[in-house]
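Encoded as structure tokens, the structure appears first; notes follow it.
The values are calculated or read from the model by the stated rules, or taken from the named source; none is laboratory data. What you are looking at is a predicted structure, and each value in this text was computed from that prediction instead of being measured. All Cβ positions, even for glycine, are placed from backbone atoms using ideal geometry, and neighbour counts span all protein chains on display. What goes into the accessible areas is simple: the full protein's heavy atoms, side chains included, and nothing from ligands, DNA or RNA. Shrake-Rupley method; radii C 1.70, N 1.55, O 1.52, S 1.80 Å.
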Amino acid sequence: PLEIGGQLAQQSTRETCGAMALLVSRALTDAVFAERVANEGIAVVEHALFAELRRGALGPVGWPHRYGTPPWTLAKAMGPYLQTPVDTTTERGKAIIQWIYHATGMGMPVPLYTGGDLAGGLKRAVPRHVVLAMPGGGLTPEGIPELAIYNPGTGYVYRVPIFAMAERRKPLSAFGHWTHLVWAVLPTSEGVQ
């Protein structure tokens, strides 16, 4: 389990996974923010971030609560990050997985949107859940690169070999029991120190 200030870092509503990914990424990289979370409580900060991430997402109009967090506002809130769809069956998609692995190896958290595929209908293929690839991955005992992925739905961190990120059939606990990585919020070269 992942705890901040003695509290389990678990989302309090079905829609706030993106806000929790932002909360945890900031708590990992900013001690003052982590202290604020410990003092105010995870749920209070989570809901404030969720409101911030939806405000102005569509220009003068806010993003509907029921749709969670749009990737473009999460990218903006993360700093010098960009957002992009991911198809892990392509060379570009495989390169994005490598990008995620290297970014976390350099200490940068990476929000990931998970979902299903078109075989289950359009509703399942769109981004459905946000998880966070965190610094602290490494290699399996067999020497296979792996990521530490925080799932806000459970509040737990899972170790996932990077080849499993392209698994197209089996749901992953780290993905909130979804099968596909469908979108990524990646650090840009401006964010690399």
(request) List every residue pair whose Cβ atoms sit under 8 Å apart, with the two residues 6 or more apart in sequence or on different chains, where the first one lies in region 134-152 and is under 12 Å from residue 100 (Cα atoms) and the second, anywhere, is among the polar types (S, T, N, Q) and surrounded by fewer than 18 Cβ atoms within 10 Å (Cβ to Cβ). (result) 146/140
(request) Return a yes/no flag: does region 157-167 have any residue that is within 28 Å of residue 16 (Cβ to Cβ), of a type in the set (Asp, Glu), open to solvent by 20 Å² or more (accessible area, probe 1.4 Å) and not in a strand (DSSP E or B). (result) yes
(message) Can you tell me which of (1) closer than 25 Å to residue 33 by Cβ; (2) touching a residue at least 60 places away in the same chain (Cβ under 8 Å) is the one residue 72 doesn't meet?
(response) (2)
(message) Quick test of your reading of the structure: residue 191 fulfils all but one of (1) modelled with pLDDT of 95 or more; (2) surrounded by fewer than 20 Cβ atoms within 10 Å (Cβ to Cβ). Name the failing condition by number.
(response) (1)
(message) Which condition from (1) over 19 Å from residue 127 (Cα atoms); (2) in contact with a Gly (Cβ under 7 Å, 6 or more places away or on another chain) is the one that residue 61 breaks?
(response) (2)
(message) When you check residue 84 against the structure, is it among the β-branched types (Val, Ile, Thr), touching a strand residue (DSSP E or B) at 6+ places or on another chain (Cβ under 9 Å), farther than 18 Å from residue 157 by Cβ and at pLDDT 95 or above, yes or no?
(response) yes
